[in-house]
1. Hey, could you check the stretch 26-40 for residues that are farther than 17 Å from Phe148 by Cα and either modelled with pLDDT under 90 or touching a Leu at 6+ places or on another chain (Cβ under 8 Å) (or both) and say which is least open to solvent (accessible area, probe 1.4 Å)?
2. Just for the stretch 177-200: of the residues that are open to solvent by 50 Å² or more (accessible area, probe 1.4 Å) and of a type in the set (S, T, N, Q), which one is modelled with the highest pLDDT?
3. With the requirement that a residue be touching a helix residue (DSSP H, G or I) at 6+ places or on another chain (Cβ under 9 Å), open to solvent by 40 Å² or more (accessible area, probe 1.4 Å) and either part of a helix (DSSP H, G or I) or modelled with pLDDT of 90 or more (or both), what does the stretch 102-114 give you?
4. For the stretch 61-97, how many residues are open to solvent by 80 Å² or more (accessible area, probe 1.4 Å), modelled with pLDDT of 95 or more and basic (Lys, Arg)?
5. Out of (1) hydrophobic (A, V, I, L, M, F, W, C); (2) closer than 15 Å to Ile195 by Cβ; (3) open to solvent by less than 10 Å² (accessible area, probe 1.4 Å), the odd one out for Ile157 is which?
6. Please work out which residue is modelled with the lowest pLDDT, limiting yourself to the stretch 41-60 and to residues that are more than 19 Å from Pro197 (Cα to Cα), outside any loop (DSSP other than H, G, I, E, B) and open to solvent by less than 60 Å² (accessible area, probe 1.4 Å).
Amino acid sequence: NGIGDLNYSQWKLPPYKDHYKNDKIDFGKPIVFISNIYNFEHGRSQPFNTFDIKILYEMFDYLSEKGYAIIYKRSNNSNPKIAIDNNEHNSRQLKLQPEADVDGIGMINDYELTAQFDNVHLFDNLVNSYEYSYNELQLMLMANTDKFISVCGGNAILSSCFRSPVVIYVNQGREFRPNYFGEGSYWRKLSGADITPVYD
């Protein structure tokens, strides 16, 4: 057995994709769902497990040109219906958010960056546009998603439950251990999704 291998004799993943797949939310294009975070983690003084503005701009631009509709989700930890941990609480208290000076635009955060692209949809705006709960809408969108990109963590685990390809950005933690994403690992058992870890 490799690292991360467990006994799966009584394991069965709920059929999230089958249950939540729908025709109520349609962008007329294949969907890429990008999950990001921007919090203090692992005792670090600055967020590190995150996609910065430069990388987000490159992803939005590239995927838009390839004909995808992009859903961008990063919790700002302010939704009262969502439980947050100590890291997220500290980030909220400091009003922490990724920002950068973008040529031709000026100082901008990631939420504002989404508005610069016709095919990029901010998840928080979608929550306000549909009459579904936060989690229900998230699952409905994920069930309709063709490809996922996520920083490592809970978002990556959830993204891996929908049988669609997932690219996971890994830059610290137990995920660096040999064979952590191996064929017998729990990541592969989540839904059988094609998971590609990208190590930094």
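The values are calculated or read from the model by the stated rules, or taken from the named source; none is laboratory data. This structure is a prediction, so every number in the text was calculated from the model and none was measured. Note that we place each Cβ from the backbone using ideal geometry, even for glycine, and neighbour counts take in every protein chain shown. We work out accessible area using only protein heavy atoms, side chains counted, and drop any ligands, DNA or RNA first. Shrake-Rupley method; radii C 1.70, N 1.55, O 1.52, S 1.80 Å.
1. Asn39
2. It comes out as Thr196.
3. The initial filter retains those residues of the stretch 102-114 that are touching a helix residue (DSSP H, G or I) at 6+ places or on another chain (Cβ under 9 Å), namely 102, 105, 108-111, 113-114.
Next cut, open to solvent by 40 Å² or more (accessible area, probe 1.4 Å) only: 105, 111.
Result: Tyr111, single match.
4. Looking only at that region, the number is 1.
5. Exception for Ile157: condition (3).
6. Per the stated criteria, the residue is Ile53.
So that you can scan it fast, the table gives a plain yes or no per residue for (1) touching a strand residue (DSSP E or B) at 6+ places or on another chain (Cβ under 8 Å); (2) open to solvent by 40 Å² or more (accessible area, probe 1.4 Å); (3) in a loop (DSSP other than H, G, I, E, B); (4) of a type in the set (A, V, I, L, M):
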site	(1), (2), (3), (4)
Gln138	yes, no, no, no
Thr145	yes, no, yes, no
Phe148	yes, no, no, no
Ser164	yes, no, yes, no
Ile168	yes, no, no, yes
Glu175	yes, no, no, no
